[in-house]
Amino acid sequence: MRTNILSLLEENCKLSAKDIAAMLGAEEAEVEAEIAALEKDRVICGYTSIIDWDKTENEFVTALIELKVTPQRGEGFDKIAERIANYPEVDTVYLMSGAYDFAVIIKGKTMKEVSLFVSSKLAPMEAVVGTATHFVLKKYKEHGVKLTNNTKAERLAIMP
Amino acid sequence: MRNPLSEKVTNIKPSGIRKFFDVVSEMPDAISLGVGEPDFDTPWHVRDEGIYTLEKGKTFYTSNAGLLELREEICKYYTRKFHATYDPIKECVITVGGSEGIDIALRAMLNDGDEVIIPEPCYVSYLPCVQLANGTPVQIPLQAKNEFRLTPEELEAAITEKTKVVILPFPNNPTGAIMEREDLEKIAKVILEHDLYVLSDEIYAELSYKGKHVSIASLPGMRDRTIVINGFSKAYAMTGWRLGYALAPALICEQMTKIHQFAIMCAPTNSQYAAVEALRHGDKDIEVMRQAYDQRRRFLMQTFRDLDLECFEPFGAFYVFPNIQKFGMSSEEFAEKLLEQEKVAVVPGTAFGDCGEGFLRISYAYSIDELKEAFSRIKHFLDTIG
């Protein structure tokens, strides 16, 4: 039941407990309690929307920063990750396998703003040994949703 | 000038759905719950395979019966999933949708005046196909109180000396009814007793919500007298690819393939290659779609309870078949008013046989959001007429 609730909410967080209960053949109160527990345990960490900002007048830039760092004795990567994540400018932080250590996604108003943040805040951190900044040019798909060319083909309205 | 037309053909009634379709298609803001096809796109890996084979230039005819590779996959699939085993070389023909399979099976089997038993409400093409094959259709009006299952008593009562074939359309369009193993065992007994054949239309087999679908061909003694019709439209959301298949005892399959050869040549090559990919790697896709349909089905049953609309719980396909007799309108009147007042299109039960009077077919091949919007309009409608 947990997994089913989570899959439904992951796809559409606007579904009410009543809807979910109907869809899963469960009691509404039961679903409500389960969601409350999931929120309390921080399994569900928040509810957000997928927005294609390119279709608005607001201009944003998104950048993916590769960070190479030196892990700290006794703390590995966690402490440095924590410090990076604390910046409100930082949207996402992942520890990666492969050629670099952290992938950091930053959203800013301009490329200059983002570059400045990287050079003034991230690069000078003691553990950071190198950065590479990649700006996003176009978003095709986010959170499983296609942002471009996603018009649905029409079905005939009535078919036997 | 002489009348250019065949009497037989002109006497066949056009599908009752047509009239409705014309009205709906001129209403751009109407919400339709009248579609008989999945709302999912064909899984991308299947489409990709189709594109890839086009790029490789696989654009020639296949053998009449279809790609052997595909027939082998189909026969493996039927054994694996439904425990009915047919020979890929002599007992399988790839058709243009399940519909062609129905047509050629009846044409291969019927002599003038042979009777074919058709349980109704059912898909619209069985009756005209029987007539076109010079058979005589004998309809059985199925009962809501039996959850629209076919009972051995009903079958027994419809059998005469001329009966040759019984059509078994389960999981059912339009009612969503299924036949479980014990239901089928009773039917099989009657079939064997009277030496009849079964045309089992299992196009919705993968969309079963109460245990796995049981094919009558898997019951003892039934394989040799069952023609299974199935296809890729519903299970893999591949309606537009027009690809189905029939599994039949060699004696029958040979004659079906003959008609197919002369009328069709072979099913679309591109679709056949895509279908091989679907069978090899599509189990997961089927399960994802089946679960989504099942959630919507439960959601609608709850909505019906909230609206106090009577409806037996269907366990197959993607249709619900609510009872609207208490509103004192015919199905057609109800559907017309609902369309006119709330711009929601549903199909009157009568489009699937006279015994569909008093019922509506509502498809849930729509997203939950679409269903919610449609049902808030239906609620408003019920409040105004109630």
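The values are calculated or read from the model by the stated rules, or taken from the named source; none is laboratory data. It should be emphasised that the depicted structure is a prediction, and the values quoted were computed from it without experimental measurement. Neighbour counts run over all protein chains shown; Cβ positions are idealised from the backbone, glycine included. SASA here: full protein model, heavy atoms, side chains in, ligands and nucleic acids out. Shrake-Rupley method; radii C 1.70, N 1.55, O 1.52, S 1.80 Å.
Odds and ends about this structure:
- Qualifying position, being under 22 Å from B:Thr269 (Cβ atoms), surrounded by fewer than 18 Cβ atoms within 10 Å (Cβ to Cβ) and in contact (Cβ under 8 Å) with a residue 12 or more places away in the chain, among B:Ile104, B:Ile89, B:Ile74, B:Ile94: B:Ile89
- Selection status of B:Ala177, open to solvent by less than 10 Å² (accessible area, probe 1.4 Å) and either at positive phi or in contact (Cβ under 8 Å) with a residue 60 or more places away in the chain (or both): yes
- Check on B:Pro137, at pLDDT 95 or above, open to solvent by 60 Å² or more (accessible area, probe 1.4 Å), in the same structural domain as B:Ala105 (by TED's automatic domain parsing) and within 19 Å of the chain's Cα centre (by Cα): no
- Only one of B:Thr42, B:Thr79, B:Thr59, B:Thr53 that is away from chain A (no Cβ under 14 Å), more than 25 Å from B:Thr175 (Cβ to Cβ) and part of a loop (DSSP other than H, G, I, E, B): B:Thr59
- Scanning segment B:315-363 for residues that are crowded, with 20+ Cβ neighbours inside 10 Å, free of Cβ contacts under 8 Å to residues at least 60 places away in the same chain, in a helix (DSSP H, G or I) and of a type in the set (A, V, I, L, M, F, W, C) turns up B:Phe334, B:Leu338.
- Pairing residues of segment A:142-160 that are more than 17 Å from B:Ala30 (Cα to Cα) with residues that are of a type in the set (A, V, I, L, M) and at pLDDT below 90, at Cβ distances under 7 Å and at least 6 apart in sequence or on separate chains, gives A:Pro160/B:Ile17.
- Residues located in segment A:17-48, provided they are out of contact with any Lys or Arg (no Cβ under 9 Å at 6 or more places or on another chain), surrounded by fewer than 12 Cβ atoms within 10 Å (Cβ to Cβ) and away from chain B (no Cβ under 14 Å): A:Ala29, A:Lys40, A:Asp41, A:Arg42, A:Cys45, A:Gly46, A:Thr48
- Checked against the criterion of being free of Cβ contacts under 8 Å to residues at least 40 places away in the same chain and under 19 Å from the mean Cα position of the chain (by Cα), segment B:187-200 contains one or more residues that satisfy it.
- Taking the criterion of being in the same structural domain as B:Lys212 (by TED's automatic domain parsing), hydrophobic (A, V, I, L, M, F, W, C), more than 21 Å from B:Ser200 (Cβ to Cβ) and open to solvent by 10 Å² or more (accessible area, probe 1.4 Å), the residues of segment B:238-292 that qualify are B:Trp241, B:Phe262, B:Ala263, B:Ile264, B:Met265, B:Cys266.
- Residue that is most open to solvent (accessible area, probe 1.4 Å), among those in segment B:1-24 that are charged (D, E, K, R) and closer than 30 Å to B:Glu340 by Cα: B:Lys13
- Summed over segment A:126-147, the residues that are out of contact with any Lys or Arg (no Cβ under 6 Å at 6 or more places or on another chain), at pLDDT below 95, surrounded by 11 or more Cβ atoms within 10 Å (Cβ to Cβ) and part of a loop (DSSP other than H, G, I, E, B) give a count of 2.
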